[in-house]
Amino acid sequence: MRDYFSRLLLALILVLTAGCSMVKLGYDQADLVVRWWFSRQLDLNSSQKAWLKHELQRYHAWHRQTQLPGYGDLVAVVARQSEGDVTPGQTCDNIDAAAEQVDILLKQAVPTLAGLARQLEPAQIQHLQRRFAEEDREWREKWLEGSADQRIRRRADDWEERAESYYGRLTREQKNFILRAVRESSWQPQLSWERRMIRQQNIIATLEKIQTQRLSQSAAEEEIQSLIERSMRPSDSRFLTMQQNLQKEACTNLAGLHQLTSAEQRARAQKKLLTYERDFRQLAAKRP
């Protein structure tokens, strides 16, 4: 459910969904992952890579000192709740708390994103367009081509894989619950494709404006902030309605699946979450 901007910044907190053994190992390499991603998307030159390395090191230090303790607090709440049944309201509160963390990450990243955008050349923006086209082919193949049943099965498989990383092997009843939830989902692949295209067009248009008009740092930051807001909070009522419906369904479905879990599955999930909490707190206390 995260878009282009979320993905590039959440590389700094991939540990939220990584295996427990990878939390500490992965976090210290997060800025390297982000640099690699930017370089691949934009074909950065050596000067740009050096500048971005310095910026991301500062961003990473800020993130370690100010954000990781909050992650530990949030995971602790989820771990405590996982002992019993979880309500849709509790799940929504946790999703909202995570979304607030993403908003903080995005706001903090605006100066870096703007600074990088000001350094781009036309050929690099064209390179990004080609990368979009490559990714779009993969997206279409997975979510627009084939039958509706095949697409439903792919979504169900993705959800089952994520759930089993916490609960262990799912029962037939739990898998049927997931399949039914996916079948009844408000997600519309064609509408998501349209929104995807608009986001990409907005990104390219913003980068071209910053580049061709040689905007100042402050003006570029305003453009990037506006772009993020349009991307994360669509004005088109069709997109907004689907986004809101999907969040409501996520709250209900995540709570519903948890209610079907056994004591053993809940204990397994709680153990993993408590390991995350411990690692977040240890990482926060570690000197960079």
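The values are calculated or read from the model by the stated rules, or taken from the named source; none is laboratory data. No experiment lies behind these values; they were computed from the predicted model shown. Cβ coordinates were reconstructed from backbone atoms using ideal geometry, including for glycine residues, and neighbour counts include every protein chain displayed. SASA here: full protein model, heavy atoms, side chains in, ligands and nucleic acids out. Shrake-Rupley method; radii C 1.70, N 1.55, O 1.52, S 1.80 Å.
Looking only at segment 180-199, residues that are over 18 Å from ASN245 (Cα atoms) and touching a helix residue (DSSP H, G or I) at 6+ places or on another chain (Cβ under 6 Å) come to 1 in all. Within segment 117-129, residues that are more than 21 Å from SER216 (Cα to Cα) and at pLDDT 95 or above have Cβ atoms under 6 Å from residues that are among the charged types (D, E, K, R) and open to solvent by 20 Å² or more (accessible area, probe 1.4 Å) in these pairs: HIS127/ASP43, counting only partners at least 6 apart in sequence or on another chain. Considering segment 200-209, the residues that are farther than 21 Å from ASP103 by Cα and without any contact (Cβ under 8 Å) to a residue 60 or more places away in the chain include one that is most open to solvent (accessible area, probe 1.4 Å), namely GLN201. When THR252, THR212 are checked against the criterion of being free of Cβ contacts under 8 Å to residues at least 12 places away in the same chain and open to solvent by 60 Å² or more (accessible area, probe 1.4 Å), THR212 stands alone in meeting it.
Of everything in segment 39-52, what is surrounded by 13 or more Cβ atoms within 10 Å (Cβ to Cβ), in a helix (DSSP H, G or I) and of a type outside the set (S, T, N, Q)? Give them in sequence order. Of everything in segment 39-52, those that are surrounded by 13 or more Cβ atoms within 10 Å (Cβ to Cβ), in a helix (DSSP H, G or I) and of a type outside the set (S, T, N, Q) turn out to be LEU42, LYS49, TRP51, LEU52. I'm trying to understand the selection: among the residues of segment 215-243, which are part of a loop (DSSP other than H, G, I, E, B) and open to solvent by 40 Å² or more (accessible area, probe 1.4 Å)? Within segment 215-243, SER216, ARG233, SER235, ASP236 qualify. The number of residues in segment 99-138 being open to solvent by 30 Å² or more (accessible area, probe 1.4 Å), touching a Phe, Trp or Tyr at 6+ places or on another chain (Cβ under 9 Å) and either over 30 Å from HIS258 (Cβ atoms) or acidic (Asp, Glu) (or both) comes to 2. Contact annotation: residue pairs with Cβ atoms under 6 Å, 6 or more positions apart or on different chains, pairing a residue in segment 31-56 that is more than 22 Å from GLU135 (Cα to Cα) and touching a residue at least 40 places away in the same chain (Cβ under 8 Å) with a partner that is among the aliphatic types (A, V, I, L, M) and crowded, with 20+ Cβ neighbours inside 10 Å, are LEU56/VAL34. Being closer than 19 Å to ARG278 by Cβ, of a type in the set (D, E, K, R) and surrounded by 14 or more Cβ atoms within 10 Å (Cβ to Cβ) is the requirement here; does ARG64 meet it? Taking the combined requirement at face value, the residue satisfies it. Of all residues in segment 73-116, which are modelled with pLDDT of 90 or more and of a type in the set (Gly, Ala, Ser)? Within segment 73-116, ALA76, ALA79, SER82, GLY84, GLY89, ALA109, ALA114, GLY115 qualify.
For segment 139-159, the set of residues classified as among the acidic types (Asp, Glu) and modelled with pLDDT of 95 or more consists of ASP157 only. Candidates are the residues of segment 58-72 that are without any contact (Cβ under 8 Å) to a residue 60 or more places away in the chain and not aromatic (Phe, Trp, Tyr); the one that is nearest to LYS248 (Cα to Cα) is GLY70. Within the span defined as segment 130-147, every residue fails to be in a helix (DSSP H, G or I), closer than 21 Å to ALA255 by Cα and either touching an Asp or Glu at 6+ places or on another chain (Cβ under 7 Å) or free of Cβ contacts under 8 Å to residues at least 40 places away in the same chain (or both). Among what's in segment 67-98 and is assigned to a helix (DSSP H, G or I) and among the acidic types (Asp, Glu), pick the residue that is most open to solvent (accessible area, probe 1.4 Å). Among those that are assigned to a helix (DSSP H, G or I) and among the acidic types (Asp, Glu), it is ASP93.
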